[in-house]
Amino acid sequence: MNDLILTNKDQFPTEEVIFSHIGKTKTHWESLFKHIHSEHPDFNEEWRYYNDGKSWLMKVTHKKKTIFWLSIIPKTFRVTFYFGDKAEPAIMESAFPDEVKKDFMEGKRYGKIRGITLVMNNKKNIEAAKKLIEIKLKTK
């Protein structure tokens with residue numbers, strides 16, 4: 001996590017601050033959030049500074065369910081989804097690249113969940129994030 005950017009507790013991550021760090025991937029940011037705001041207007045976005053990681057993270061939720069976590073890294077941003085074993089069939093049967101499936105299957109477990117992290121530096125990962133949102137909403 002040493003590649004995180006937003007480590008100043010006193011500087012709230014406004015769009016201006018975020019865009020100054022993510023550069024050309026601003027178009028991916030806009031694409032992802034345009035999708036979220038149009039398809040899932042009931043999602044909530046909350047920035048919070050976390051002392052354990054010494055950085056700002058955005059948590060995107062639907063009611064009480066966390067959909068994904070977002071962090072700003074050099075020149076882009078990444079989103080991380082956490083899934084329980086019930087999501088495994090949907091992930092494995094999806095059109096995700098084998099690398100994503102392998103990372104999920106072999107990923108570190110945090111209790112009963114495993115994560116999938118996408119670095120949002122290409123359109124393919126934007127589409128994968130949209131699909132992961134749908135899987136997250138369909139699994140308990």
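The values are calculated or read from the model by the stated rules, or taken from the named source; none is laboratory data. Computed from a prediction, not measured in an experiment: that's the story for all the values here. All Cβ positions, even for glycine, are placed from backbone atoms using ideal geometry, and neighbour counts span all protein chains on display.
Quick notes on this structure:
- Here the strands (runs of 3 or more DSSP E) wholly within the range 1-118 that include at least 3 residues being aliphatic (A, V, I, L, M) and either closer than 23 Å to residue 137 by Cα or touching a His at 6+ places or on another chain (Cβ under 8 Å) (or both) are 55-62, 65-73.
- The test for being free of Cβ contacts under 8 Å to residues at least 60 places away in the same chain, among the hydroxyl-bearing types (Ser, Thr, Tyr) and surrounded by fewer than 19 Cβ atoms within 10 Å (Cβ to Cβ) does not hold for residue 76.
- In the set (1) surrounded by fewer than 16 Cβ atoms within 10 Å (Cβ to Cβ); (2) at pLDDT 95 or above, the condition left unmet by residue 99 is number (2).
- Cβ pairs under 9 Å, 6+ apart, first in the range 26-39 and among the small types (Gly, Ala, Ser) and modelled with pLDDT of 95 or more, second crowded, with 16+ Cβ neighbours inside 10 Å and part of a helix (DSSP H, G or I): 31/126
- Contact map, the range 109-129: first residue among the β-branched types (Val, Ile, Thr), second residue loosely packed, with under 14 Cβ neighbours inside 10 Å and assigned to a strand (DSSP E or B), Cβ cut-off under 8 Å, separation 6 or more or different chains; pairs are 113/84.
- Consider the range 57-102 and keep the residues that are among the charged types (D, E, K, R) and within 15 Å of the chain's Cα centre (by Cα). The one that is farthest from residue 21 (Cα to Cα) is 65.
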